[in-house]
Amino acid sequence: MNGAAAIDERRQKLARLRELLGESDLDALYVSEGVNIRYLTGFSGSLGHLLVTGEEAVLATDPRYEIRSAEETRGSGVETVILTREVLPKFVGLIAARGLRRIGFEAERLGYGAWETLQSGLSRRKPIATAGLIERMRQIKSPTEIEAIRRAVRVSSEAFERTCGRIRPSWTEQRFAAELDHAMRRLGAEGSAFDTIVASGAPRRVRIEPRSLVVVDMGAILDGYHSDMTRTLAMGRPSRSHQALYRAVLDAQLAAIEAVKPGIQARTVDGKARSVLRRSGYGKLFVHSTGHGVGLEVHELPYVSKHNDQRLEEGMVITIEPGAYMEGLGGARVEDIVVITRNGCETLTSNSKALRLL
Ligand code: ZN
Ligand code: ZN
């Protein structure tokens, strides 16, 4: 992603971060988290340290990434510095030389060794712990980001359809998962968003149990952005209890999506799904949250849980994925990605939600 729009958005993100630094009375932020560096600068290498001050954004990496860092950050107002060996101590030296007073660091993201290097390098200026500054910014997606997520969703949706079309009764869960991964790669994914889940309750190395429900949870990564979807399949004709369980889960999912709009609290959306399952008698079987944000990480803010009273906003991208899992019967889950729009939401995942028979 390096079009004019993406570059423009990156400049806006840096400007927004500088506002936040001002509000937190910080002169600078040391960004150590790779995903956050990618968000602000476009740089996707595995080794990077970023300093953002009121005027500068300095990205340090090593010679492996000399060409890539220049290409990916071009036009973004980021200065790249190539350091050899002892990259972090040298980078901390660059920070110290700037005479900044209040320097923030990402307390939830920085390892202990790096923290020690930072602290000793800054000597008398104690670095200031910050939490979630960039993660909170990342909740609201730009048009370019939404487009990237849309493409990632398309890849996993298409891979799911293709793979279901050629499934064989001899396949194990492991084989099914491998075929899904392979299909996503062939369709252009950089990788799987997480370890693809194919769960029927059977051991992973034996063939999938006939007459069971199979939960398939998968996602693709494209341009660093993730997709995440779940569909439930029935191996053979589903029993009445399987049908009832699936119906309740689907109704819960539809009720939650129906509720999604700007201004609603995340926990209210969670409550919609939960109350449908409770009314159907499956309340105790829904043991996780209704959803989560998706973007440069597969699980990010905001969490659609019963504990989150945060209000949803236009531009957020979240999953809606209630499920119910019963000992001896198996489980069902349905998961879509939705973008919050001005008046409600748009569902990006296009695969049918009818219980598919294999
Ligand atoms: Zn998922
Ligand atoms: Zn998910």
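The values are calculated or read from the model by the stated rules, or taken from the named source; none is laboratory data. Only a predicted model underlies this, so the values are computations on that prediction, with no experimental measurement involved. Quick reminder, even Gly has a Cβ in these numbers, built from the backbone with ideal geometry, and neighbours come from all protein chains shown.
So in the range 333-353, with the set limited to residues that are assigned to a loop (DSSP other than H, G, I, E, B) and touching a strand residue (DSSP E or B) at 6+ places or on another chain (Cβ under 7 Å), which one is nearest to Thr290 (Cα to Cα)? Of everything passing the filter in the range 333-353, Val334 is nearest to Thr290 (Cα to Cα). Just so you know, in the range 224-244 the residues that are touching an Asp or Glu at 6+ places or on another chain (Cβ under 9 Å) and within 16 Å of ligand 1 (Cβ to nearest atom) include one that is farthest from Arg138 (Cα to Cα), and it is Arg231. When the range 6-37 is limited to residues that are under 22 Å from the mean Cα position of the chain (by Cα) and hydrophobic (A, V, I, L, M, F, W, C), the one that is nearest to Phe91 (Cα to Cα) turns out to be Val31. Pairs meeting the criteria (first residue in the range 51-66 and buried (at least 21 other Cβ atoms within 10 Å of the Cβ), second residue in a strand (DSSP E or B) and among the β-branched types (Val, Ile, Thr), beta carbons under 6 Å, at least 6 apart or on different chains) are Leu51/Val58; Leu59/Thr80; Ala60/Val81. Looking across the range 164-203, the residues that are under 18 Å from the mean Cα position of the chain (by Cα) and not in a helix (DSSP H, G or I) come down to Ala189, Glu190, Gly191, Ser192, Ala193, Phe194, Asp195, Thr196, Ile197.
For the criterion of being more than 16 Å from ligand 1 (Cβ to nearest atom) and more than 19 Å from the chain's Cα centre (by Cα), Gly263 passes. Residue-level check: of (1) more than 19 Å from the chain's Cα centre (by Cα); (2) away from ligand 1 (no atom under 16 Å from the Cβ), Tyr325 misses just (2). Among the residues making up the range 209-244, none is closer than 29 Å to Glu145 by Cβ, surrounded by fewer than 20 Cβ atoms within 10 Å (Cβ to Cβ) and hydrophobic (A, V, I, L, M, F, W, C).
If you check Val317, Val298 for being within 14 Å of ligand 1 (Cβ to nearest atom), buried (at least 23 other Cβ atoms within 10 Å of the Cβ) and modelled with pLDDT of 95 or more, only one passes: Val317.
Checking the range 245-257 against the condition returns a match, with at least one residue being out of contact with any Asp or Glu (no Cβ under 7 Å at 6 or more places or on another chain), farther than 29 Å from Leu187 by Cβ and either surrounded by fewer than 19 Cβ atoms within 10 Å (Cβ to Cβ) or hydroxyl-bearing (Ser, Thr, Tyr) (or both).
For (1) farther than 16 Å from Asp217 by Cβ; (2) within 16 Å of ligand 2 (Cβ to nearest atom), each residue gets a yes or a no:
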| residue | (1), (2) |
| --- | --- |
| Val276 | yes, no |
| Leu285 | yes, no |
| Ser305 | yes, yes |
| Glu313 | yes, no |
| Met316 | yes, yes |
| Arg333 | no, yes |
| Asn343 | yes, no |
| Thr349 | no, yes |
| Arg356 | no, no |
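Any residue at all in the range 281-292 that's over 30 Å from Gly328 (Cβ atoms) and either buried (at least 18 other Cβ atoms within 10 Å of the Cβ) or within 15 Å of ligand 1 (Cβ to nearest atom) (or both)? No, there is no match, as no residue in the range 281-292 is over 30 Å from Gly328 (Cβ atoms) and either buried (at least 18 other Cβ atoms within 10 Å of the Cβ) or within 15 Å of ligand 1 (Cβ to nearest atom) (or both).
In this structure, Ala178 qualifies as surrounded by fewer than 16 Cβ atoms within 10 Å (Cβ to Cβ), over 16 Å from Arg231 (Cβ atoms), modelled with pLDDT of 95 or more and of a type outside the set (Ser, Thr, Tyr).
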